[in-house]
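The structure under discussion appears below in the form of structure tokens.
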Amino acid sequence: MRILYCSFFFTTNEGSYSSRGQHTASALAARGHDVTVLCVNHRRSNRNHSKKLQRHQTDGCEILSLPISYEQAFRKRYRVVAFFRYAVKVRQMMGQIDHDLVFATSTPITAGFPSTFLNFSGKRKPFVFESRDLWAQMMVEMKVAKSPRMGQMLINAERKIYRAADHCIGLAPGIVEDMIDAGVPSANAHLIPNGADIHLMTPGDRFDLNLPGVKDRDFVAIFAGAHGIANGLDALLDVAAELKRRKENNVKLVFIGEGAEKPKLLARAATEGLDNCLFFDAMPKVELAKIIGCANVGLMCLPGYKTFAYGTSPNKFFDHLAAGRPQVVNYRGWTADLVREHNCGIAVEPNDPGAMADAIIKLRDDTSLSCTMGDNARRLAESKFSWDLLTPQFCDTIEQAGGLNGQKRH
């Protein structure tokens, strides 16, 4: 098949976003499909933005980087403009590139608009939509949607995309449930969560960690991901303040990433004297893998909203698993349930910095427990969440939507 793969945030391990796109697109190419990816600059960021379409070849896929400027630190209005510009560009490219099937993945939700419009207008091609989170419901719950009417419009748009697709993929149990509630047949709604790159992310040695501000005797807890409003990172600064109050001076909280909230976090840390918080720029996944593998513990942080509990699939959670790191989770939900069920970390209640500080200190002081949890994490990554297991499921879904019944062909 000729597959048009629409992914705004597509990146490889050379980039700093989730590399889900690389794993799934390259797996399709390996099955013999012609894959053309439409994305915004698939490298580290758009700081070297070009006003012209750029073409690249990666793992047998043709990557078309559209001339749209975007960075995580953009203000909300500029991000929204970029998301809609992407939808317009994708619609234009659909008329220029021969294709048999369209695959579109959110976020942003606008990635699914062109195929939805064409399918409802009768110019349909097989269409698979992948939802990485319950975006519309999150906008409502976080009050980003300023009115009930606007919130309902967003939810209706999301559900219309679901119904326009031949098959839907959800990255978390709550997403799949929402798809079925919206009218997608259960046989056409597939749970394929984020995966663990067990070949890139591997357990390392704490003494191989080389970061400015980190001493050999420090216990390092790491958060590597977006620094946005949807990440709730003020909660981790509350933990840092609690650790300072207890004089636990050898615990360092390392933050790696970018986002609109990062300047506020830096300012707060400086104002409150939280020198146990160390901030670093986003970095390519190949570099980040070494750091995560050598840290003592991974930190998972989300706001305490119900939608986040079962409607997200944080890729950093699976990075921690693959790297064999125990993790401390400060929210309820399906990934917190996995932590408890498989004894691969400690899950605490939301909005309780004292409990999270207790968990970090417990893992520092009980090296046997920490090692056991890390081993369990790696075992879980290998047995249930390896990309080696998940990409065949993904490819089967795409081929089913294209009418190939699992048989590869051009």
| said: Is it the case, given these coordinates, that Phe279 is under 16 Å from Lys316 (Cα atoms), part of a strand (DSSP E or B) and touching a helix residue (DSSP H, G or I) at 6+ places or on another chain (Cβ under 8 Å)? | reply: no
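Looking at this structure, is Lys285 within 16 Å of the chain's Cα centre (by Cα) and buried (at least 22 other Cβ atoms within 10 Å of the Cβ)? Steps first, please.
Details: within 16 Å of the chain's Cα centre (by Cα): yes; buried (at least 22 other Cβ atoms within 10 Å of the Cβ): yes.
Considered against the rule, which asks whether it is within 16 Å of the chain's Cα centre (by Cα) and buried (at least 22 other Cβ atoms within 10 Å of the Cβ), Lys285 comes out as yes.
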| said: Against the definition (touching a residue at least 40 places away in the same chain (Cβ under 8 Å) and either of a type in the set (Lys, Arg) or outside any helix (DSSP H, G or I) (or both)), how does Pro392 come out, yes or no? | reply: no
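Residues of the stretch 222-249 being part of a helix (DSSP H, G or I) and modelled with pLDDT under 95, which ones? Outline the logic, then answer.
Going residue by residue through the stretch 222-249, those that are part of a helix (DSSP H, G or I) are 229-231, 234-245.
If the condition is that a residue be part of a helix (DSSP H, G or I) and modelled with pLDDT under 95, then Ile229, Ala230, Asn231 are the ones that fit.
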| remark: Per the list (1) over 22 Å from Arg206 (Cβ atoms); (2) under 23 Å from the mean Cα position of the chain (by Cα), residue check on Gln400 breaks on (2)
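Quick one: would you say Ala270 is at pLDDT 95 or above and among the small types (Gly, Ala, Ser)? Can you show your working first?
Values: at pLDDT 95 or above: yes; among the small types (Gly, Ala, Ser): yes.
Considered against the rule, which asks whether it is at pLDDT 95 or above and among the small types (Gly, Ala, Ser), Ala270 comes out as yes.
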| Filter the stretch 136-171 for residues that are over 12 Å from Ile109 (Cα atoms) and among the small types (Gly, Ala, Ser); which is surrounded by the fewest Cβ atoms within 10 Å (Cβ to Cβ)? | Ser147
| query | Within the stretch 175-200, how many residues turn out to be within 20 Å of Glu287 (Cβ to Cβ), crowded, with 17+ Cβ neighbours inside 10 Å and without any contact (Cβ under 8 Å) to a residue 40 or more places away in the chain? | reply | 0
| query | Can you pull out the residues in the stretch 116-135 that are at pLDDT 85 or above and crowded, with 20+ Cβ neighbours inside 10 Å? | reply | Pro126, Phe127, Val128, Phe129, Glu130, Ser131, Arg132, Asp133, Leu134
| Looking only at residues in the stretch 301-337 that are assigned to a strand (DSSP E or B) and in contact (Cβ under 8 Å) with a residue 60 or more places away in the chain, which one is farthest from Pro173 (Cα to Cα)? | Val328
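Within the stretch 327-339, count every residue that is in contact with an Asp or Glu (Cβ under 9 Å, 6 or more places away or on another chain) and buried (at least 24 other Cβ atoms within 10 Å of the Cβ).
The initial filter retains those residues of the stretch 327-339 that are in contact with an Asp or Glu (Cβ under 9 Å, 6 or more places away or on another chain), namely 330-332.
Retained after the next criterion (residues that are buried (at least 24 other Cβ atoms within 10 Å of the Cβ)): 330.
Number of matching residues: 1.
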| query | Does any residue of the stretch 250-257 turn out to be in a loop (DSSP other than H, G, I, E, B), small (Gly, Ala, Ser) and outside the structural domain of Glu14 (by TED's automatic domain parsing)? | reply | yes
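The values are calculated or read from the model by the stated rules, or taken from the named source; none is laboratory data. Note that this is a predicted model, so its numbers are computed, not measured. Cβ coordinates were reconstructed from backbone atoms using ideal geometry, including for glycine residues, and neighbour counts include every protein chain displayed.
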